[in-house]
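Student: Please see the structure below; I have some questions.
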Amino acid sequence: TRNRSRRDLADRVAKTMPEAAMQLRVDAKDAPGVVELLEARGREWLARGMHRTVLGWLASFDDDALVYWCAQALLPLEPEDARPLFSQARKLGVECKDAARAYEAWCGEVASYVVQWGAVHGLANLVDDLEALEATLGAPTGELRFRTSADALTALMYGRAEDPRIVAYAEATARAIEHAVDPGARITAAAQLLIYKLWWAGDFPGGRALYASFDDQVAKGEDLAPLPRLIWWSCASIVDWQCGKPADC
């Protein structure tokens, strides 16, 4: 059949022409093949800013396995619309006992508040959801352990700063920063920790040390993606302003 031919051709060109392979999978209505390609290439495509392209590919599908990728593609465009999709993907991860996907989706929920900004109602409740996930699925591991700690710190800082758990999440973020593999995640978390130290904890020596270390990393990190670079600068500029350095700010 025509769809079988499309799937066969997609298999042959997937390594050298992944976008063409994806279009063939979409035209063949091959949802499992679309999922497989997204898992292999989705992060790369979104890092290149192909959010609308990915949304176009997914528009003709109604498949639970694609909810997470719909949410990721929507995140920088319509964060409020992405949020319930991340929530759905988190619940699907729990049902399937896919801890990594459940925690990734939870991080996406936090990110949807950060990207939307100004609307923080319900943000701190996600920390309760995180702890419920840990009770059900076990603690996140590897990079996800780091990401969830940093995102929980962010959620409490802007959603419920008086919550006593904020100290533990700040300490976990500080411990994990030096071990994070992804430079963007490390810089983004350091930016939030910087604000925590200076505004909430009153740790001015620690904040200044963090600023000095990571501002230099951002300046020298030629391969650092634009978003974490901007997040760091937005937080560092507040420090410059507070320290009476308007030119640097």
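Student: On the given criteria, is residue 152 closer than 28 Å to residue 37 by Cα, open to solvent by less than 20 Å² (accessible area, probe 1.4 Å) and part of a helix (DSSP H, G or I)?
Tutor: Considered against the rule, which asks whether it is closer than 28 Å to residue 37 by Cα, open to solvent by less than 20 Å² (accessible area, probe 1.4 Å) and part of a helix (DSSP H, G or I), residue 152 comes out as no.
Student: If I ask for residues that are open to solvent by less than 40 Å² (accessible area, probe 1.4 Å) and not in a loop (DSSP other than H, G, I, E, B), which ones from the range 160-187 would you list?
Tutor: 166, 169, 170, 172, 173, 176, 177, 184, 185, 187
Student: Something else now. Tell me yes or no: at least one residue of the range 59-70 is polar (S, T, N, Q) and touching an Asp or Glu at 6+ places or on another chain (Cβ under 7 Å).
Tutor: no
Student: Identify all residues within the range 146-190 that are free of Cβ contacts under 8 Å to residues at least 40 places away in the same chain, under 23 Å from residue 218 (Cα atoms) and over 13 Å from the mean Cα position of the chain (by Cα); write none if there are none.
Tutor: 170, 171, 172, 173, 174, 175, 176, 177, 178, 179, 180, 181, listed by residue number.
Student: Something else: Would you confirm, using the coordinates I've provided, whether residue 143 is crowded, with 21+ Cβ neighbours inside 10 Å, of a type in the set (Asp, Glu) and closer than 25 Å to residue 42 by Cα?
Tutor: No: the conditions fail for residue 143.
Student: Under 7 Å between Cβ atoms, which residue pairs at least 6 apart in sequence (or on different chains) link something in the range 224-236 that is open to solvent by less than 40 Å² (accessible area, probe 1.4 Å) with a partner that is of a type in the set (Phe, Trp, Tyr) and assigned to a helix (DSSP H, G or I)?
Tutor: 232/214; 236/211
Student: Another one. Can you pull out every residue in the range 80-139 that is at positive phi and touching a helix residue (DSSP H, G or I) at 6+ places or on another chain (Cβ under 9 Å)?
Tutor: Scanning the range 80-139 gives 97, 117, 122, 138.
Student: Do we have residue 108 as open to solvent by less than 50 Å² (accessible area, probe 1.4 Å), in a loop (DSSP other than H, G, I, E, B) and within 24 Å of residue 227 (Cβ to Cβ) here?
Tutor: No: the conditions fail for residue 108.
Okay, residues lined up against (1) within 25 Å of residue 115 (Cβ to Cβ); (2) modelled with pLDDT under 85; (3) among the hydroxyl-bearing types (Ser, Thr, Tyr):
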site	(1), (2), (3)
187	yes, no, no
203	no, no, no
211	yes, no, yes
218	yes, no, no
226	yes, yes, no
234	yes, no, yes
237	yes, no, yes
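The values are calculated or read from the model by the stated rules, or taken from the named source; none is laboratory data. Being a predicted model, the structure only gives us computed values, none of them experimental. Here the Cβ is made from the backbone with ideal geometry for all residues, glycine too, and neighbour counts use every protein chain on show. Surface accessibility is based on the protein's heavy atoms, side chains included, excluding ligands, DNA and RNA. Shrake-Rupley method; radii C 1.70, N 1.55, O 1.52, S 1.80 Å.
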